[in-house]
1. Looking at ARG79, ARG29, ARG95, can you tell me which residue is at pLDDT below 90 and open to solvent by 100 Å² or more (accessible area, probe 1.4 Å)?
2. Criterion first (open to solvent by 100 Å² or more (accessible area, probe 1.4 Å) and of a type in the set (A, V, I, L, M, F, W, C)) does ILE63 satisfy it?
Amino acid sequence: MMGEGLSGLGIKELQNLENQLEMSLKGVRMKKDQILSDEIKELHQKGNLIHQENIELYKKMEIIQKENAELQKKVYEARSTNEENAASNPSCTIRNGYDLHAPISLQLSQPRPQHSEPPGKAMKLGLQLH
């Protein structure tokens, strides 16, 4: 209703119509407020859950960092033990053309077809005593 059919109404009827419209508008606004309040409450709950999950992930990350630090410490201790052993026993050497003290980097790769390498390129392993 846009107001075209109001020309034949009196004051009392117009006031009643106005009151009905105000009551309807009030009901619409109350329903809208309820829906918005429910959505806000749900978003707060989701935010709290995400916050808890974030805290748990930080704890897991700290544990993993500590484990990594312990593993690195063990690797470096093992290397220094190997260096001490090599220094205290110079008659034992490993000849393979690689730096024993270089950082170790491992990567996974697809298997390659096997073919024999010429003897000159094959890695020499073993213990030589002088």
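1. Matching residue, one of ARG79, ARG29, ARG95: ARG95.
2. Criteria not met by ILE63.
The values are calculated or read from the model by the stated rules, or taken from the named source; none is laboratory data. What you see is a predicted model; the values in this text were computed from it and never measured. We work out accessible area using only protein heavy atoms, side chains counted, and drop any ligands, DNA or RNA first. Shrake-Rupley method; radii C 1.70, N 1.55, O 1.52, S 1.80 Å.
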